[in-house]
Amino acid sequence: MSYARGASRQKGSAGFILVAVLWILAALATLASIFSIYLANTAVSLSVNDNAIQSEALVFASLELTAYQVSVPKQAGPATGANANVPQRLTRSDPNVPPPPTRGDFSFRLGRANVAVNFISEAARIDLNFASTQLLANFFAVLGAEPQQAEEYAERIEGWTTRPRATSTLVPAQENEEALYRAAGRSYSPRGAPFAHIDELSLVVDLPPALVERAKPFLTVYNGKQQVDVLDAAPEVIAAIPGLTPNMLNTLAEARKAGADPQSVDRMLGVLPLQGVVSIEGGDTYRVQVRIRYDNGRQDASEVVILTGLADKPYRVLWWRSGSDAVSASPLQPAFVPR
């Protein structure tokens, strides 16, 4: 009897130990599974970060090459003296200095990626902060709005940027603008200052969202002037310019196809009456589109607006957007052959 009871206790102990071992093995398997998932997620995270760092470096390289292409050329230094053979930077006011290109494209290979870059002066777009009400109204009409509606849209944009007077009460026009936003149930009022970003256009009351999306690729807040460069502007922008006659449009189209220089276009157009709206030169601000294709098939893209012509640095970034669809909405391709 005692032997049987001892054997029973031994079997019970063995069974308990076996269950404990099984639990420990299950716990270890769970920990191993969790650790493998953690390692996989960490690897993916590091890979994503590494890809982002590579793309950012390639975009910066593209911006530096663009800034170099649009920079003022250098001339050789004096033949004698301490500065002999030292390149001296010319200024754009020098009569013999050709104007910088207003658009262009190039490509290069760096690391394990091929990069395609194209750039265009921001002067080819309509600046929301400087454009006249008539130009904006014509532009919305070109995009399909009824003439009366187009004028109302332009007035709403003017109302958004109009600065309130420094008095205790608003003038009637400003009161009406405030009332429109309250009636529309908006929790905000007109900015009363220049647009900070092109996406801010969607905040303006009464502007249809579909029209805003169609208009964005032709608008900017970085041109910094009322004039539009007609040698690089899209047809939708050119068609909106007040006072540009059909004969002028035909002359301009032929000049762009032939790659005529700005001075000859100025003479052909006789743009003196259009000086407040029409320009035949770019500026210091450029929109740069960068398309990256890696050897493993991965693709990336960025669109960046830069300011050049600075004294302390080659360029400054004003706006940056990245992603596979970053360059899909911008009309950088010319309607005519560029100069």
Check your understanding: Is at least one residue of region 164-176 at pLDDT 80 or above, of a type in the set (D, E, K, R), in a loop (DSSP other than H, G, I, E, B) and more than 24 Å from I306 (Cβ to Cβ)?
Key -> no
**Study point:** Per-region count, region 60-111, residues at pLDDT below 90 and charged (D, E, K, R)
**Key:** 4
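Among the residues of region 104-121, write down those that are of a type in the set (D, E, K, R) and surrounded by 13 or more Cβ atoms within 10 Å (Cβ to Cβ). Full working, then the answer.
As a first pass, look at region 104-121 and keep what is of a type in the set (D, E, K, R): 105, 109, 112.
Hit for region 104-121 is D105, nothing else.
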Practice item. Any chance you could count how many residues in region 289-324 are assigned to a loop (DSSP other than H, G, I, E, B), touching a strand residue (DSSP E or B) at 6+ places or on another chain (Cβ under 8 Å) and over 19 Å from H197 (Cα atoms)? Key: 4
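Quick test for you: out of R191, R214, pick the one residue that is in the same structural domain as T162 (by TED's automatic domain parsing) and part of a helix (DSSP H, G or I).
Values: R191 fails: part of a helix (DSSP H, G or I).
After ruling out the rest, the residue left standing is R214.
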Check your understanding: Is it the case that region 269-284 has a residue that's crowded, with 17+ Cβ neighbours inside 10 Å, outside any helix (DSSP H, G or I), at negative phi and at pLDDT 90 or above?
Key -> yes
Point to revise | Subset of region 217-237 (residues that are more than 15 Å from S121 (Cα to Cα) and either in a loop (DSSP other than H, G, I, E, B) or not acidic (D, E) (or both)) | key: P235
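The values are calculated or read from the model by the stated rules, or taken from the named source; none is laboratory data. This is a predicted model, so every value here is computed, not measured. So basically every Cβ, Gly included, is an ideal-geometry build from the backbone, and we count neighbours across all protein chains shown.
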